[in-house]
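These notes are about the structure you will find just below.
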């Protein structure tokens with residue numbers, strides 16, 4: 001087995017959850033009402049938990065003496081490989097929900113296949129994550145319907161959010177040569193099948209929400225090469241401040 005390919009794959013999953021959780025945590029204390037404030041905070045905690053488990057395993061695979069905290073707080077911008085969609089600023093609540101629904105739908109189908117991984121650790125992490133992801137997707141999909149079928153303004157805000165975010169959806173499914181090697185060993189699933197299932201789920205959500213899927217969109221890519229949006233550097237600065245200001249600090 002190619003340990004470097006496995007390490008890179010684990011970083012991808014760990015970073016996806018870590019960065020999206022960081023964005024969601026920015027809503028803590030600022031949600032539209034108390035129940036939603038708590039809901040997004042709990043979803044963020046679920047994602048942080050998954051990220052910690054994955055990055056802990058990644059550090060073990062790397063065998064360089066690093067910990068999950070080192071991987072989260074002591075890597076530079078170009079070393080992160082999360083999909084670009086995860087780092088997009090929250091915008092209004094409709095934007096956050098649209099972004100979340102797109103990622104939730106992906107993770108729902110991805111973890112459903114990843115539980116079959118021949119790597120027992122990955123399968124175990126995925127089995128726990130899929131239980132949480134089912135709730136995440138149910139939550140975000142229901143809010144998509146509320147916004148889409150609510151007022152004229154809520155519908156417009158949701159459609160505008162989708163029009164902007166859709167350019168970042170292709171990057172979610174990006175793979176490289178290392179990922180293809182892991183497919184051959186039965187560690188990861190074929191991404192084409194995941195994308196097909198995701199498209200079906202998203203089409204159903206969009207239809208129920210009375211909004212349209214953007215067409216002829218130029219797709220933004222580059223996350224696997226460490227290429228990020230302008231806002232990512234600011235996110236990392238805030239997320240990593242304490243560890244960099246006080247190295248090795250413990251609560």
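Inspect all residues belonging to the stretch 92-105 and state whether any of them is touching a residue at least 60 places away in the same chain (Cβ under 8 Å) and out of contact with any helix residue (DSSP H, G or I) (no Cβ under 7 Å at 6 or more places or on another chain). Looking for residues that are touching a residue at least 60 places away in the same chain (Cβ under 8 Å) and out of contact with any helix residue (DSSP H, G or I) (no Cβ under 7 Å at 6 or more places or on another chain), one finds at least one in the stretch 92-105, hence yes. Of all the residues that make up the stretch 113-131, how many are assigned to a helix (DSSP H, G or I) and surrounded by 18 or more Cβ atoms within 10 Å (Cβ to Cβ)? Selection size over the stretch 113-131: 6.
I want to confirm something. Restricting to the stretch 142-184 and keeping residues that are without any contact (Cβ under 8 Å) to a residue 24 or more places away in the chain, more than 22 Å from the chain's Cα centre (by Cα) and assigned to a helix (DSSP H, G or I), which single residue is farthest from residue 10 (Cα to Cα)? Selected residue: 152.
Evaluate the following for residue 95: is it more than 13 Å from the chain's Cα centre (by Cα), surrounded by 18 or more Cβ atoms within 10 Å (Cβ to Cβ), modelled with pLDDT of 95 or more and assigned to a helix (DSSP H, G or I)? Criteria met by residue 95.
The residues in the stretch 192-216 that are under 18 Å from the mean Cα position of the chain (by Cα) and either touching a residue at least 60 places away in the same chain (Cβ under 8 Å) or crowded, with 18+ Cβ neighbours inside 10 Å (or both) can be counted, and the count is 5.
Out of 247, 189, one residue alone is without any contact (Cβ under 8 Å) to a residue 12 or more places away in the chain and assigned to a loop (DSSP other than H, G, I, E, B). It is 247. Select from the stretch 235-251 the residues that are surrounded by 12 or more Cβ atoms within 10 Å (Cβ to Cβ) and at pLDDT 95 or above and write down the one among them that is farthest from residue 99 (Cα to Cα). My answer is 240.
Condition check ((1) within 19 Å of residue 241 (Cβ to Cβ); (2) touching a helix residue (DSSP H, G or I) at 6+ places or on another chain (Cβ under 8 Å); (3) touching a residue at least 40 places away in the same chain (Cβ under 8 Å)) across all residues:
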| site | (1), (2), (3) |
| --- | --- |
| 14 | no, yes, yes |
| 25 | yes, yes, no |
| 37 | no, no, no |
| 46 | no, yes, yes |
| 51 | yes, yes, no |
| 54 | no, yes, yes |
| 57 | no, yes, yes |
| 72 | yes, yes, yes |
| 75 | yes, no, no |
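Hey, among the residues in the stretch 14-57 that are part of a loop (DSSP other than H, G, I, E, B) and over 23 Å from residue 233 (Cα atoms), which one's modelled with the highest pLDDT? I'd like the intermediate steps shown before the answer.
So in the stretch 14-57, the residues part of a loop (DSSP other than H, G, I, E, B) come out as 26-33.
With over 23 Å from residue 233 (Cα atoms) added as a condition, the list becomes 29, 31-33.
On the way: 29: 93, 31: 88, 32: 88, 33: 87.
Among them, the one singled out is 29.
Which of the residues spanning the stretch 158-185 are under 16 Å from residue 88 (Cα atoms) and buried (at least 17 other Cβ atoms within 10 Å of the Cβ)? The answer is 158, 161, 162, 165, 166, 168, 169, 170, 171, 172.
The values are calculated or read from the model by the stated rules, or taken from the named source; none is laboratory data. Owing to the predicted nature of the structure, the values given are computational and were not obtained by experimental measurement. Cβ atoms come from the backbone with ideal geometry, glycine included; neighbour counts cover every protein chain shown.
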